[in-house]
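The structure under discussion appears below in the form of structure tokens.
The values are calculated or read from the model by the stated rules, or taken from the named source; none is laboratory data. If you're wondering where the values come from, they're calculated on a predicted model, not measured in any experiment. Note that we place each Cβ from the backbone using ideal geometry, even for glycine, and neighbour counts take in every protein chain shown. Heads up: the accessible areas ignore ligands, DNA and RNA and are worked out on the full protein's heavy atoms, side chains in. Shrake-Rupley method; radii C 1.70, N 1.55, O 1.52, S 1.80 Å.
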2 protein chains.
Amino acid sequence: MPRVAEDRPPAEPTSREQKERYARILRAAARHGAAKGLERVQMHDIAKDAGVAIATLYRYFPSKTHLFTALMRSQVDQLAAMTVERVPDESPADGIARMLVRAGRELLRRPLLAHAMMQSNNATVAQTPSAGVTEVFIDVMLDAGGIADPTPHDLRLLGILEQAWYGMIISALNRGTDPQELEEDTALVVSLVVGARDAGSRTGDAA
Amino acid sequence: MPRVAEDRPPAEPTSREQKERYARILRAAARHGAAKGLERVQMHDIAKDAGVAIATLYRYFPSKTHLFTALMRSQVDQLAAMTVERVPDESPADGIARMLVRAGRELLRRPLLAHAMMQSNNATVAQTPSAGVTEVFIDVMLDAGGIADPTPHDLRLLGILEQAWYGMIISALNRGTDPQELEEDTALVVSLVVGARDAGSRTGDAA
């Protein structure tokens, strides 16, 4: 296993060819992560499966943590792209619940991969809070809810909702919760937290 | 490092002397876990610090996971004992928020230990869901809120609250969130989730 200095900043793909290689690596990481989990996955196998040299893999992703955090970010970006089509007249809570239910279903479908991404993102956040996916994820929630001009109170509620949902996913992964139950609980927590939004912002206006 | 079969059920302390030894082990585990975190903690050092033979330690706790899950359970039990004195006329939400704020403050005070316990409890739950602290913790919430006859809806809300709070604690540990902010967010999420309880149970009665 080659030793690679982790303090060198990861390279960013720029050319079309580099971007394709980068995407191939992420797809290979998803396959291996889903089959083996973070501990047992080997950078070597991912490079081989993606058809890139191990040095190329390490240039983009100096560690498994970098790799699986990048994969999580790319999945949140895809979620953002899918979220664009809103249902007309849908309430913010319903739009957000629909997005979270879809995302949760996707995570539960490949539990080892979900664990790998969440654990990596946690480790990244512990090093550099802004390098995690939270900010992007809150943007996805705003889009899903059609909330164009969030107040500070909205952002606080969505931050709490993101953390609450995270706790529910971890619990579902650990316990092997029935997906149906997770979906119902997701809808309930969204209605409780986002449903409080109108009341909260009205109180704020009056003060 | 002695090899110990992990499939032998852990011993339970019965005599007074055994209970004292068991408690000494848990206190040593808390000290070492707080200083070093789960990865770097050594069973050997804990045995030495607790003044017990390594074989004794392994008889009660076949692995670090067993040890730190037991420590978490013992801390939840202590929390239960402290929770007994309720403030007169306190609402369920206020009582529960007070308990969670206290527990969260305690966890944030020793972040490496908090991580060690939560990670171990997760691993335990993934093996045997009922062996985790969730059920006990929900009882502590019921006590703290003075809820003597919980409905199924109450239990569902408290289950969601437990998971939401867990997500908030993980986020606070990873991000190094200001404890004050965690306390305010805890109070807010309790009021949103438990505040919905009366409305929910009244609807239930009417149906």
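B:Arg102: without any contact (Cβ under 8 Å) to a residue 24 or more places away in the chain and either open to solvent by 50 Å² or more (accessible area, probe 1.4 Å) or hydroxyl-bearing (Ser, Thr, Tyr) (or both), yes or no? So B:Arg102 passes the test. Contact map, segment B:1-26: first residue within 12 Å of B:Thr56 (Cβ to Cβ), second residue modelled with pLDDT of 75 or more and exposed (fewer than 14 other Cβ atoms within 10 Å of the Cβ), Cβ cut-off under 6 Å, separation 6 or more or different chains; pairs are B:Pro13/B:Lys19.
Taking each residue of segment A:173-185 that is more than 9 Å from every other protein chain (Cβ to nearest Cβ) and looking for partners that are charged (D, E, K, R) with beta-carbon atoms closer than 8 Å, six or more apart or interchain, yields A:Pro179/A:Arg105; A:Glu183/A:Arg105.
Residue check: is B:Leu108 open to solvent by 10 Å² or more (accessible area, probe 1.4 Å), modelled with pLDDT of 90 or more and among the hydrophobic types (A, V, I, L, M, F, W, C)? Here the answer is yes, as B:Leu108 does meet what is asked. B:Arg59 passes every criterion in (1) out of contact with any helix residue (DSSP H, G or I) (no Cβ under 9 Å at 6 or more places or on another chain); (2) free of Cβ contacts under 8 Å to residues at least 12 places away in the same chain apart from (2). Can you pull out every residue in segment A:41-69 that is open to solvent by less than 20 Å² (accessible area, probe 1.4 Å) and more than 18 Å from A:Glu17 (Cβ to Cβ)? Matches in segment A:41-69: A:Val41, A:Met43, A:Ile46, A:Pro62, A:Ser63, A:Leu67, A:Phe68, A:Thr69.
Contact map, segment B:145-169: first residue within 14 Å of chain A (Cβ to nearest Cβ), second residue surrounded by fewer than 18 Cβ atoms within 10 Å (Cβ to Cβ) and hydroxyl-bearing (Ser, Thr, Tyr), Cβ cut-off under 8 Å, separation 6 or more or different chains; pairs are B:His153/B:Ser201; B:Asp154/B:Ser201.
Can you tell me which residues in segment B:88-121 are among the charged types (D, E, K, R), assigned to a helix (DSSP H, G or I) and under 28 Å from B:Ala148 (Cα atoms)? If you could, list the steps in order and put the result at the bottom.
Step one: of segment B:88-121, the residues among the charged types (D, E, K, R) are B:89-90, B:94, B:98, B:102, B:105-106, B:109-110.
Going one step further and asking which of them are assigned to a helix (DSSP H, G or I), we end up with B:94, B:98, B:102, B:105-106, B:109.
Within segment B:88-121, B:Asp94, B:Arg98, B:Arg102, B:Arg105, B:Glu106 meet the criteria.
If you go through segment A:122-143 and keep only what is among the β-branched types (Val, Ile, Thr) and either assigned to a helix (DSSP H, G or I) or touching a Ser or Thr at 6+ places or on another chain (Cβ under 8 Å) (or both), you end up with A:Thr124, A:Val125, A:Val133, A:Thr134, A:Val136, A:Ile138, A:Val140. Within segment B:127-165, the residues that satisfy the criterion of being touching a Lys or Arg at 6+ places or on another chain (Cβ under 8 Å) and modelled with pLDDT under 90 are B:Pro129, B:Val133, B:Val136. Among all residues of segment B:182-189, there is at least one that is part of a helix (DSSP H, G or I) and of a type in the set (Ser, Thr, Tyr).
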